[in-house]
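The values are calculated or read from the model by the stated rules, or taken from the named source; none is laboratory data. Everything numeric here is computed off the predicted structure, so don't read it as measured data. Cβ: placed from backbone, ideal geometry, glycine included. Neighbour counts: every protein chain shown. Remember, those area values only see protein heavy atoms, side chains included, never the ligands or the DNA or RNA. Shrake-Rupley method; radii C 1.70, N 1.55, O 1.52, S 1.80 Å.
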Amino acid sequence: MAKRTQPAPNGDASTVRDVAARAGVSASTVSRVLGGTYPVAAATRARVLKAMRELDYVVNAHARALGGATNNTVAFVVDDVTGPFYAHIARGVEEQASAEGRLCMLCTTHGDPRRILAVVETMREQRADAVIVVGGALQDKAYHDRMTHFAHALDRSGSRLVLVGRPPLGPGVPATVVDYDNEGGAFALTGHLLSGGHRRIAYLGRVPGLSTSAQRIAGFTRAHELLGLAPDPGLVLDGVFSRSYGYQATRELLASGRDFTAIFAATDMIATGVIQALRESGRRVPDDIAVAGYDDIPVARDVYPTLTTVHVPQEELGRAAVRLALHRDELPDGQHLVLGTHVVLRESTRRAAGS
């Protein structure tokens, strides 16, 4: 049977038979793939799913019957809502969605890029008014291409892809971007440490391939270069954004014997682990080693000593994401909003001894 090369004629939504023709299988096989109740060979399943993507097939029959109608739902897609940073953005999303008469649906991905794509596809099928994806993006072409595809697919269905804390997908891609000055915040915080006399600054929590991490490293590096300096590569350590990583990485850094007078923790959660490890080793903060974080979550004010950090307007990120997705005329010159960040000075940083 010849495969179709175009979507269903006369602009109608694709059917199970269209998908079957494109995949070269029977309609019953397509139904089995959709239902998930009968075993289907992996290669066959892959062909069916590929055909569905190519035809923009929408599984939900009710949504298909409604045509371009949406379901008054805003989807919030995040790695893990238990983290304070994401929780505050979620609060902003929920508050604005409620004010707009929309139901907010929370979807967690646990950092799995495949899960992100699957959730976005499901929300497209459900005709959500907006799909808000939060957190750093993988710098990967295949992932970028799939997100670009979904942006166009959501737009055709009357929905909107919103990226929060992620870079734009490129010119002509129908997506809203609500970002914050990530690199600028890291630049300002590093400048604060350098102006305090610190010249050996460790950076804990670089995540290769993650946009958020790349931007913070860029700001960290640029602040050094402004003074004709270069960060010591041996003091820039890869890791994850967790308290346990900060604790373990600091212990390993101290055991290595490397010389440093300050630590830039990529997040406040990392910084809490750093302070604990320094305290257990007998180092005083900030008298012996200064510590700074990033995000300004509540723990930054509760830890002792209180943490110097970069403030990110988390709740406003969430509110703006919903508002701009539903009222796209608010940014007539483009759907890209960048919110400011600033350094919050607290007790954990001080001028280096002898400076």
Fraction of accessible area attributable to carbon and sulfur, the chain (%, probe 1.4 Å): 53 percent
Burial order of peptide ranges 181-194, 129-142 (average beta-carbon count within 10 Å, highest first): 181-194, 129-142
Extended-chain gain in nm, criterion 0.36 nm per residue less alpha-carbon gap, S256 and R301: 13.2 nm
Listed peptides 217-224, 283-290 by packing density, highest first (mean Cβ within 10 Å): 217-224, 283-290
Average accessible area per residue (Å²) across the chain - probe 1.4 Å, nucleic acids and ligands excluded: 45 Å²
Cα-projected label distance for S281 with A46, points at 7 Å along beta-carbon direction, nm: 4.8 nm
Relative frequency of Cα-Cα separations exceeding 17 Å in the stretch 119-226, percent: 59 percent
The chain: radius of gyration over Cα atoms, expressed as a fraction of 2.2 N^0.38 Å: 1.16
Per-peptide average of other Cβ atoms within 10 Å, ordering 303-309, 239-245 highest first: 303-309, 239-245
Full-extension gain in nm, Y143 to D288, via 0.36 nm per residue minus C-alpha separation: 47.8 nm
Mean residue ellipticity (222 nm) of the chain, computed from DSSP H runs ≥ 4 via -39,500 (n - 2.57), nearest 500: -13500 deg cm²/dmol
Cubic angstrom per residue, convex hull over Cα atoms of the stretch 292-347: 67 Å³
Residues with amide H under 5 Å from that of G136, placed H, sequence gap 5 or more: T212
Using alpha-carbon coordinates, inclination of helix 211-226 to the longest axis of the chain, degrees: 30 degrees
Average Cα contact separation per residue, the chain, under 8 Å, 6 or more apart, as relative contact order %: 16 percent
Helix 243-256 axis, angle to the chain major axis (alpha carbon atoms, nearest 10°): 40 degrees
Gained length - D329 relative to L227, 0.36 nm times residue gap less alpha-carbon distance: 32.5 nm
